[in-house]
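Asks: Pasting a structure below so you can have a look.
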Amino acid sequence: MIPELGHFMLSLALSVACVQAVVPLIGAIRGHSNWIALATPTARIQFFLLLAAFIILTHAFLTNDFSVAYVAQNSNTALPLAYRLSAVWGAHEGSLLLWVLILSGWTYAVTIFDEGLPPRFSALVISVLGAVSIGFLSFMLFTSNPFNRLIPAVADGGDLNPLLQDPGLIIHPPILYLGYVGSSVAFAFAIAALIQGRITAQAARWIRPWAIATWIFLTLGIALGSWWAYYELGWGGWWFWDPVENASFMPWLLGTALIHSLAVTEKRGAFKNWTVLLALATFALSLLGTFLVRSGVLTSVHAFATDPGRGIFILALLGTVIGGSLILYAWRGPSTFAGGNYEPISREVFLLLNSSLLAVATATVLLGTLYPLALEALGLGKISVGPPYFNVVFSAVMLPLIAILGIGQFSRWKSDSPQRLVQRLAYPFSAAVAATAIMMIMLGGQKVIAAGVGIGFAMWVIATTLFGIRERCHGRRHPWFIIFNLPRAFVGQCIAHIGFACTIIGVVVTSFYSIDEHQRLAPGDSAEIGGYEFLFVGLRTYTGPNYQSTEGNFELRRDGRFITTLKPEKRLYHVRNMPMTEAGIAPGFTRDLYVSLGEPLEGNAWSVRMHFKPFVRWIWLGALLMACGGFIAMFDTRLRSPKAVRTVAIIKASNVDP
Amino acid sequence: MRYVIPLGVFIVLVTLLAIGLRLDPSYVPSPLIDKPMPSFELPDLANEAELLTNSDIIGKPHLLNVWASWCAACRTEHPLLMTLAQSGETPILGLNYKDARDDALAWLERHGDPYARTVFDHAGKLGLDLGVYGVPETFLIDSEGVIRYKQIGPITSDILESIIEPMLEGLGGKK
Amino acid sequence: MKKALQTFCLFAALSFACSAADTPVNFTSSIERERYETLLEELRCLVCQNQSLSDSHADLAQDLRDQVYTMIIEGKDNVQIAQFMVERYGDFVLYKPPVKSATWFLWFGPSILLVVAFAIVVIFARRHTRDPRPLSKEEQNRVQTLLSQDREP
């Protein structure tokens, strides 16, 4: 009875979404204020309906209701409680429900925070979000209903995929979805602007925190995924350029471009059409990601098991939503967006340059991901494009971007002189070179030029950031704690850029200085890597809640001194008969030591993989810093300054559309 | 004018993805089509002492079927192979891939033996040379020993009728 | 067929008793070892297609690893080993796509895009240096109205 109620909630939500998408839209175009007024209540009702549906599905998992097909496929009575909850979004249908719930959640947030916008504009934004919701709700109701019954019900379920039975995998999808779905807000905003035919600096100021919030979630979501892959998959890898990983990376790259382009639109009124296009494209890539995961078009470890029928539906959704928006862009773009003036050498231009380079980087990843498909479709053979390609080509595209980042964050708005830049930047340049040399010496081992270049570029970012802070504080009475009075957007920017540099350092050092060993070890044997000794003490077996485990015991020593015990496991999950590796990791700020069990060999020995991974944590710590920087920047008071508030009041009073 | 470019790019992208929905991303086409069968020297499954080589099979268009006793899908296509063998027009050569001799013989005993001869490829060397990656696989080889077609996965009656039989007729393998 | 392959992957990974999978190898020189490891990362497993030969537990992956090992010991160079694989499995087995006419755009496209992006931005920036267009009479009136309202508390 109750799952049917959930189904009913979904249908109701679809009807409400239809009203939400159509009525305020017409109201905004025609000027009917009571139609416009329907935007907020419909959006909020939709949220509560979807929340109810989600709670009902969760309830089905908690009570082990195996008469619901989705629960039967993804849960089991032996599954621990935490994973029974995360199983709600563990497979296709449930994750879609999470998607629409989060979409309605973002829309709800828009209804709360929209005082800064004229009602007409706000209604347009909410309508567009409603339209997107219609697309996904229809997809669910027609092809992927989580509430379908399984008759007759089974006694016990198929269990959650063991790969997903891990804490990291509980939070990774929701956070990533918050990012993916959040890009729809900027998208809706861009569409609203196109429909209205104009976009002001004021409006750009409003959207900026939303774009940043989305970006923060994507940053964290991707970092979590990478960190999870590292400790869970057993061979110390943290990024595979898998099609679905790329599908999350591309909106992140474009989202970064969007934030930076918005900064210029907001401050100087320039690049409006580019900003709008970026907002459309970021959401397009988010939809593309949804398509790639669920259609079976590309082989991927992330792909949900699904069929081409669903693929056609999502492709149609993608085609309609993005195709429609790009038609609108082609039609309205030329007439609307003029604005801004600036010299050829100015901060605007550097930001535009980097925003374009990020777009090129995105295009590069897209090219590599879809090229095999393109060749096969044209009958030109079947190739693979993997890490050897992406590592080389992507890094090549990023290098100019990183160089310009340093110059750009230092340059002046509107007009700057090449002489001044060269003169002032000589200091951070020398500092960067020195820091790189020191680091290369400290790292020891073989000197690789590529590593030096990578570290050098990262040091350049750090040096120019610190130098920029110094310049900003220059000439005040108490220079050092003036830092706390700097504008939050600036502070956020500095922290985020430093975070970016940390991630680069982590990537470069791990890629070039990791040591990997694969050896046959019997209890009593030991192996040496990077100055650390792994002593294989022994094995034991134990039974977990839904698995059987063989656990190895390794002692880690350095220079004879005991550091810690590592316990890698090899588990067999009963229900799906699937093996899993749990690695034993000794984490550290400057290095990780990593051991995992391979297969048992003859003579009581095992094949064991051991890794020395220097600076690998910097990759994710850098991402965390980026997210913090974004968070701080979101709350810049200038977005809510008295002047801004007054301007809003005037606009409202005069009923003039900005 | 430049505002239409994003739309143009998008249309190309969607077309590409639509075509992609009809393709199978995990299917690996064989580079051995129209190339001669790799040379080999491996024992016969039935008689360990006897070695089979390329020269034993040239002369008539035939099928080479890669199978194993541990392969579940092989059982699906087996009845079809039996029927084909019984009609007597096209010889089927078996390639027993990475199997134990006793298991293989027992399997043939239980399900029937449609093969004119069976090559016992315990180490999988010939399989590797043929680019085998997913048993069962079937090759169509002409009278000169050149590979003409590779079927990945079990043969169904559809595939037999629409692809294999026409090819065999073209090669002069059927009356 | 796909389902069969996936099941096969799982079973192959499962083979606790199968001693062939994931055997460590020994080399006399570290250069050879590095070549071995790099080659394994660059070759794709055909059974578990999301993994390289280095990571895959499939039986075929172990066979191919053995093959690479043997070829290195025999003194074959990387090009010959890659070619051996391509002759049997096609270009699909290489994670690093070969540079040929069909992949020309793949390899050189990004650099071309980079140059084009730079060029567009530079041209655009140069063109944008002129003054903004002056306000029309109607817009000037609107500005006056708004500014006068601004003075109210």
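All of the numbers you see were taken from the coordinates with simple rules; none came from a lab. Bear in mind the structure is a predicted one, so any value in this text is a computation, not a measurement. Cβ placement follows ideal geometry from the backbone for every residue including glycine, while neighbour counts extend to all protein chains displayed.
Asks: What is the packing order of peptides A:619-627, B:132-140, taking the mean over residues of other C-beta atoms within 10 Å and listing the highest first?
Replies: B:132-140, A:619-627
Asks: Moving on to the next point. Please determine, in degrees from 0 to 90 and to the nearest 10, the orientation of helix B:5-20 with respect to the longest principal axis defined by the Cα atoms of chain B, where the helix direction is its Cα long axis.
Replies: Result, in degrees: 20.
Asks: Whole-Hz Karplus ³J(HN,Hα) for the range C:76-83, in order, using 6.51 cos²θ - 1.76 cosθ + 1.60 and θ = phi - 60°, x for Gly and Pro?
Replies: So the J values, rounded to whole Hz, are 6, 8, 4, 5, 5, 5, 4, 5.
Asks: Can you list residues from other chains, or at least 5 along the same chain, whose modelled amide H is less than 5 Å from the amide H of C:S52?
Replies: Residues meeting the criterion, in which the H sits 1.01 Å from N, are C:C45.
Asks: With charges only on Cβ, +1 for K and R and -1 for D and E, what is the dipole size of the range B:30-171 about its Cα centre, in debye, rounded to 20?
Replies: 240 debye
Asks: Additional query: Obtain the nm distance between the two label points defined at A:L62 and A:L380 by a simple spin-label model: each point lies 7 Å from its Cα along the Cα-to-C-beta direction.
Replies: The two pseudo-label positions are separated by 5.5 nm.
Asks: Per residue of A:229-239, count partner chain C-beta atoms within 10 Å of its C-beta, then hand back the mean as an integer.
Replies: 1
Asks: List, in the order given, every pair from A:K613/C:K76; B:K98/B:K150; B:K98/C:K76 whose Cα-Cα distance in the structure shown is over 24 Å.
Replies: A:K613/C:K76; B:K98/C:K76
Asks: Within a 10 angstrom radius of the beta carbon, how do A:I404, A:I314 rank from fewest other beta carbons to most?
Replies: Going from least to most buried by this count: A:I404, A:I314.
Asks: Right, another one. Ranked highest first by average number of other Cβ atoms within 10 Å, how do A:72-82, B:63-73, A:180-190 line up?
Replies: Result, highest mean first: A:180-190, B:63-73, A:72-82.
Asks: Hey, can you grab everything whose amide H is under 5 Å from the amide H of A:D592? Only 5+ residues off in sequence or another chain; H modelled, so Pro and N-termini drop out.
Replies: Close amide H contacts, sequence-distant or interchain: A:K613, A:F615, A:V616.
Asks: Same structure, new question: I'd like the distance separating the alpha-carbon centroids of the range B:55-103 and the range A:22-70, in whole Å.
Replies: With the range B:55-103 and the range A:22-70 each reduced to a Cα centre, they are spaced 58 Å.
Asks: Here's another thing I want to ask about it. Can you give the mean number of other chain Cβ atoms that lie within 10 Å of the Cβ atoms in peptide C:115-127? Could the numbers behind the result be given before it?
Replies: On the way: counts 1, 2, 11, 6, 0, 4, 9, 3, 0, 7, 10, 3, 1.
For peptide C:115-127, the averaged partner shielding equals 4.
Asks: With axes computed from alpha carbons, what is the tilt in degrees of helix B:101-111 against the longest principal axis of chain B, rounded to the nearest 10 within 0 to 90?
Replies: Approximately 80 degrees, to the nearest ten.
Asks: Let me ask something else about it. Would you tell me the mean number of C-beta atoms belonging to other protein chains that fall within 10 Å of each C-beta in A:599-608, as a whole number?
Replies: Taking all residues of A:599-608 together, the mean is 3.
Asks: Count neighbours as other Cβ atoms within 10 Å of each site's Cβ, and list the trypsin sites (Lys or Arg not before Pro) in the range A:455-545 that are DSSP loop with at most 16 such neighbours. Each step should come with its number before you reach the end.
Replies: On the way: sites: A:R470, A:R472, A:R476, A:R477, A:R488, A:R520, A:R540; in loops: A:R476, A:R477.
Passing both the DSSP loop test and the Cβ count: A:R476, A:R477.
Asks: Tell me the relative contact order for the range B:63-175 as a rounded percent, counting alpha carbon contacts under 8 Å between residues six or more apart.
Replies: On the way: 162 pairs, mean separation 35.4, N = 113.
Reported as a whole number, the value is 31 percent.
Asks: Amide H neighbours of A:M578 under 5 Å, at least 5 residues apart or on other chains, H built in the peptide plane: list them.
Replies: Those qualifying (amide H under 5 Å, at least 5 residues apart or on another chain) are A:Y573.
Asks: For chain B, what does -39500 (n - 2.57) per DSSP helix run (n ≥ 4), summed and divided by total residues, give at 222 nm, in deg cm²/dmol to the nearest 500?
Replies: That comes out to -9500 deg cm²/dmol.
Asks: Which log10 I(q)/I(0) values does the protein assembly as shown give at q = 0.04 Å⁻¹ under the Debye formula, counting every alpha carbon as one identical point scatterer?
Replies: Per q value, in the given order, log10 I(q)/I(0) is -0.23.
Asks: Given R₀ = 51 Å, FRET efficiency for A:L486-B:D103 by Cβ-Cβ distance, to 0.05?
Replies: Plugging the Cβ-Cβ distance into 1/(1 + (r/R0)^6) gives 0.10.
Asks: Let me ask something else about it. With the crude spin-label approximation of a point 7 Å out along Cα→Cβ, what separation in nm comes out for B:M167 versus A:Y427?
Replies: 7.3 nm
Asks: Between 0 and 90 degrees, rounded to the nearest ten: what's the tilt of helix B:72-87 against the longest Cα principal axis of chain B?
Replies: 60 degrees
Asks: Quick one: 3J(HN,Hα) in Hz for the range C:36-43, Karplus 6.51/-1.76/1.60 with θ = phi - 60°, rounded, Gly and Pro as x.
Replies: Ordered by residue, 3J(HN,Hα) equals 4, 5, 5, 4, 5, 6, 8, 9 Hz.
Asks: What is the packing order of peptides A:609-615, A:428-434, taking the mean over residues of other C-beta atoms within 10 Å and listing the highest first? If you can, show how the numbers build up before the last one.
Replies: Numbers: A:609-615: 22.7, A:428-434: 17.0.
Most protected by this proxy first, the peptides run A:609-615, A:428-434.
Asks: Below 15 angstrom from the Cβ of B:A116, what's the summed charge of the other residues (Lys, Arg +1; Asp, Glu -1)?
Replies: -3
Asks: Remind me, relative contact order of the range A:1-165 in percent, using alpha carbon pairs under 8 angstrom and six or more residues apart?
Replies: Averaging sequence separation for qualifying contacts and normalising by length gives 37 percent for the range A:1-165.
Asks: Under 8 Å for C-alpha pairs, at least 6 residues apart: give me the relative contact order for chain A, rounded to a whole percent. Before the final figure, lay out each step's value.
Replies: On the way: 1138 pairs, mean separation 77.9, N = 658.
Once divided by the residue count of chain A, the mean separation gives 12 percent.
Asks: Rounded to the nearest 0.05, what FRET efficiency do A:I563 and A:R470 have when you use their Cβ-Cβ distance and R0 = 41 Å?
Replies: 0.55
Asks: Note down the magnitude of the dipole of chain A about its Cα centre, charges +1 on Lys and Arg C-beta and -1 on Asp and Glu C-beta and zero elsewhere, to the nearest 20 debye.
Replies: The calculated dipole for chain A is roughly 2680 debye.
Asks: Please list, in order, the residues from the range A:256-298 whose amide nitrogen is less than 16 Å from a point placed 7 Å along the Cα→Cβ vector of A:R198.
Replies: A:269-270, A:272-273
Asks: Sticking with this one: Convex hull volume of the Cα atoms in the range B:30-171, per residue, in Å³?
Replies: On the way: hull volume 14.0 nm³, N = 142.
Once divided by residue count, the hull of the range B:30-171 is 99 Å³.
Asks: Calculate, for A:L163 and A:S33, the FRET efficiency according to 1/(1 + (r/R0)^6) with r their C-beta to C-beta distance and R0 51 Å; round to the nearest 0.05. The partial results should precede the final answer.
Replies: On the way: r = 52 Å, r/R0 = 1.03.
Result of the calculation: an efficiency of 0.45.
Asks: Which whole-Hz ³J(HN,Hα) couplings does the range A:65-79 yield from phi under the Karplus relation 6.51 cos²θ - 1.76 cosθ + 1.60, θ = phi - 60°, glycine and proline marked x?
Replies: 7, 7, 7, 8, 4, 4, 5, 4, 6, 10, 9, 6, 5, 7, 5
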